[in-house]
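Undergrad: Please see the structure below; I have some questions.
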Amino acid sequence: MENPYRTKNCGELTEKNIGEMVKIAGWTNSIRLLGGLCFITIRDEFGVTQVIIPNESMIKGINKECVISVEGKVIERISKNKNMATGDIEIEAKKIELLGDCKPVLPFEVMQSEQTKEDVRLKYRFLDLRNPLVHSKIKLRSNVLHFVRNKFHDLNFTEVQTPILTASSPEGARDFIVPSRLNSGKFYALPQAPQQFKQLLMASGFNKYFQIAPCFRDEDPRADRSPGEFYQIDLEMSFSTQEEVLQVVENVVSSTFAQFSNKSISKSPFSRISYSQAMETYCSDKPDTRNPLTVCDVTDVFIATEFSIFKNKTIKAIVAPANNKPRKFFDDLTKVIVKYEGKGLAYVKVTEEGVIGSVVKNLSQQELKNLLSKTNAKIGETIFIIAEEKTKAIKLAGVLRNTLGKELELINNNLFNFVWVLDFPFFELDDENKLAFSHNPFSMPQGGLNSLEAKDPLSIVAYQYDLVLNGVELASGAVRNSNPMLMKKVFKMAGYEDDVVETKFSALYNAFQYGVPPHAGLALGFDRIIMFLTDSEVIRDVIAFPLNGMAQDLLLNAPNTVTQKQLDDVNIQIKKVIK
RNA sequence: GGUUCGGUAGUUCAGUUGGUUAGAACGCCAGCCUGUCACGCUGGAGGUCGUGGGUUCGAGCCCCAUCCGAAUCGCCA
């Protein structure tokens, strides 16, 4: 039976359909009254089609964004529009039916919604999403989901849905908690990641697992970080090595980016760099490898300096072609450093006449000579120098490298440059100078028990790897520690009581005593992948119904108060209402 | 929690040193217009200048407080 609303969509009619009687339905995109003659265009997800209205009374009461169904004959246009996919034809309306009325004054013009303030767009997200430019990003997200899912099924991964109502994890980000009615006074936590479940799946005999998994973290947002919830492509493989995980992920990532983007992609195998090498060369564990600048450690050049600002400091230098930049350029850079709580930024310019700059007079001839030879700076280049306590110097040098790369336009925006960062340290020192897990207590220390017993703990590295794309951490994973004895050992080294593993991680600890295969895995930030593929600066653009910066849903008005009955059910009393 | 920028018509914005009735564009309403496609022309409606207090003869503008939005730092194993 024929659909009562439409027989064709708004994107498919061409010259071939001339003469046919058709019905199309959609939103009124524009209305143009030319006196005795009038045109309207109808938009749906597939495109826009023009309708010619022989009698103006036929569209009485119809305004923009009304949903209508138009029945009529496809005719050739007298004046064609080359900028329109359906620009050769139009429909001569015989009958118009109003299916969904629309208020005459809209909160914003649909076709210009991207120019509107974001809180208004979010409140009327259904209107915003009618804009083809906005709409297409969510469509692309759907296509990528489909593609990735198929890809993993083709690779014989099993898709498993893990619980949303689960237990609070003892480390990591702040949990979202959900009160339990049946267990008065107790709470679920929403998963920050399906980490423990996927490892349990390995113990359950699932050979390879994947899931496009919702993850929840109650932390403040950023432009590229959604408040509250986000999605990961989560995977885990049994009897697997690091190398095998890396290969699978490269396969999926390369094919996905090739399928959905026209930009060039770094060839597989992606380049690899150790964590320590990345920190040395780029002062970052997520370097933007499109940026040609590198960081040079010049601490030893100033080891005996008389210059108080450089004395007893870790000193990092970056050489960049910035000599001809105006004073403001250097002042702005300094502001960036100060924003990151740095004391300042020194710089010297290498010119035909020698080395100039405000700090030059404080440095000895020998120091300047050594600085030039160590950094290999050439005439026309500026040496930027950061002198701080070690951790801060590294951080600021990383910030400076990114800022210089951007401001000096050294970055190829048409390239996806992937790099693996490998061999993350297993331990680090915390604020109190005590040994702590640097990433993930579940990853396998390289060298196993031997290195735990014999090596300096800070020199032990883990089978822990990140996939970095253009300076963004796109994925993180590890070979897991599946040995209960080793688990206890590393927790003990990190200063935890003997029973912490048994109590806090009882599920894993128990399961691993009943035969678990060695396993490894990784999780990719799905929303960030879509950001890259749609060239979006803001993560909200790739989410159909995003929360605002205060983690509020302006459309459904969440979070909201609940009734006293609901509170009573879960035995909760609100202490005080903070407005 | 800190910092920066912002909040004026439905939307995007302008608003001079504090001075008459707060403007523009788009949108909306009415009229005109037979090939438009960002249609055009004429006219019109539309404002608690985020909110509260203060200074002043007089506040959109200055001061204080507060709310809201965005970015960012902290935070995000």
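Undergrad: Whether any residue in the range A:403-424 is out of contact with any Pro (no Cβ under 6 Å at 6 or more places or on another chain) and under 14 Å from A:Gly342 (Cα atoms) is what I want to check.
TA: No, that holds for no residue.
Every residue, every condition in (1) among the hydrophobic types (A, V, I, L, M, F, W, C); (2) near RNA strand B (Cβ under 8 Å from one of its atoms), yes or no:
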site	(1), (2)
A:Asn3	no, no
A:Ile31	yes, yes
A:Ser57	no, no
A:Lys64	no, yes
A:Val74	yes, no
A:Lys80	no, yes
A:Met84	yes, yes
A:Ile89	yes, no
A:Glu109	no, yes
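Undergrad: Sticking with this one: Count, please, the residues in the range A:372-425 that happen to be touching a Ser or Thr at 6+ places or on another chain (Cβ under 6 Å), crowded, with 19+ Cβ neighbours inside 10 Å and in a helix (DSSP H, G or I).
TA: 2
Undergrad: Further question: Need pairs with beta-carbon distance below 9 Å; first residue modelled with pLDDT of 90 or more and within the range A:443-464, second open to solvent by 50 Å² or more (accessible area, probe 1.4 Å) and among the aromatic types (Phe, Trp, Tyr); sequence gap 6+ or separate chains.
TA: A:Ser443/A:Tyr463; A:Met444/A:Tyr463; A:Pro445/A:Tyr463; A:Gln446/A:Tyr463; A:Val461/A:Tyr275; A:Gln464/A:Tyr275
Undergrad: Residues of the range A:23-50 being open to solvent by less than 50 Å² (accessible area, probe 1.4 Å) and either touching a Gly at 6+ places or on another chain (Cβ under 7 Å) or among the polar types (S, T, N, Q) (or both), which ones?
TA: A:Thr28, A:Asn29, A:Ser30, A:Thr41, A:Ile42, A:Arg43, A:Asp44, A:Gly47, A:Thr49, A:Gln50
Undergrad: Moving to a separate point now. Which condition number in (1) out of contact with any helix residue (DSSP H, G or I) (no Cβ under 7 Å at 6 or more places or on another chain); (2) within 25 Å of A:Ser136 (Cα to Cα) is the one that A:Glu65 fails?
TA: (1)
Undergrad: Suppose we filter the range A:8-29 for residues that are farther than 19 Å from A:Ile78 by Cα and away from RNA strand B (no atom under 16 Å from the Cβ); how many remain?
TA: 6
Undergrad: Same structure, new question: Could you grab me the full set of residues in the range A:523-539 that are within 14 Å of RNA strand B (Cβ to nearest atom), open to solvent by 40 Å² or more (accessible area, probe 1.4 Å) and modelled with pLDDT under 95?
TA: The one that is within 14 Å of RNA strand B (Cβ to nearest atom), open to solvent by 40 Å² or more (accessible area, probe 1.4 Å) and modelled with pLDDT under 95: A:Glu537.
Undergrad: Cβ-Cβ distance below 7 Å, separation of 6 or more or different chains: which pairs start in the range A:554-566 with a residue that is open to solvent by less than 100 Å² (accessible area, probe 1.4 Å) and end on one that is acidic (Asp, Glu)?
TA: That search, which allows pairs on different chains as well, returns A:Leu554/A:Asp119.
Undergrad: Picking from A:Glu341, A:Glu367, A:Glu306, A:Glu353, which residue would you name as being open to solvent by less than 90 Å² (accessible area, probe 1.4 Å) and acidic (Asp, Glu)?
TA: Within the list A:Glu341, A:Glu367, A:Glu306, A:Glu353, the selection yields A:Glu367.
Undergrad: Right, here's the next one. Does the range A:451-467 include one or more residues that are within 28 Å of the chain's Cα centre (by Cα), assigned to a strand (DSSP E or B) and over 28 Å from A:Gln513 (Cα atoms)?
TA: Looking through the range A:451-467, at least one residue is within 28 Å of the chain's Cα centre (by Cα), assigned to a strand (DSSP E or B) and over 28 Å from A:Gln513 (Cα atoms).
Undergrad: For the range A:70-108, name all the residues that are part of a loop (DSSP other than H, G, I, E, B) and open to solvent by less than 80 Å² (accessible area, probe 1.4 Å).
TA: A:Arg77, A:Asn81, A:Met84, A:Thr86, A:Gly87, A:Asp88, A:Cys102, A:Leu106, A:Pro107, A:Phe108
Undergrad: Oh, and also: Among A:Pro269, A:Pro214, A:Pro221, A:Pro292, which is in contact with a Gly (Cβ under 6 Å, 6 or more places away or on another chain) and open to solvent by 10 Å² or more (accessible area, probe 1.4 Å)?
TA: A:Pro221
Undergrad: Just one of the numbered conditions (1) touching a Leu at 6+ places or on another chain (Cβ under 9 Å); (2) open to solvent by 20 Å² or more (accessible area, probe 1.4 Å); (3) of a type in the set (A, V, I, L, M) is not true of A:Val490; which one?
TA: Against the list (1) touching a Leu at 6+ places or on another chain (Cβ under 9 Å); (2) open to solvent by 20 Å² or more (accessible area, probe 1.4 Å); (3) of a type in the set (A, V, I, L, M), A:Val490 comes up short only on (2).
The values are calculated or read from the model by the stated rules, or taken from the named source; none is laboratory data. Values in this document were obtained by computation on a predicted structure and should not be read as measured data. Please note: Cβ atoms are built from the backbone with ideal geometry, for glycine as well, and neighbour counts cover all protein chains shown. Just the protein is used for accessible areas: all its heavy atoms, side chains included, with ligands, DNA and RNA removed. Shrake-Rupley method; radii C 1.70, N 1.55, O 1.52, S 1.80 Å.
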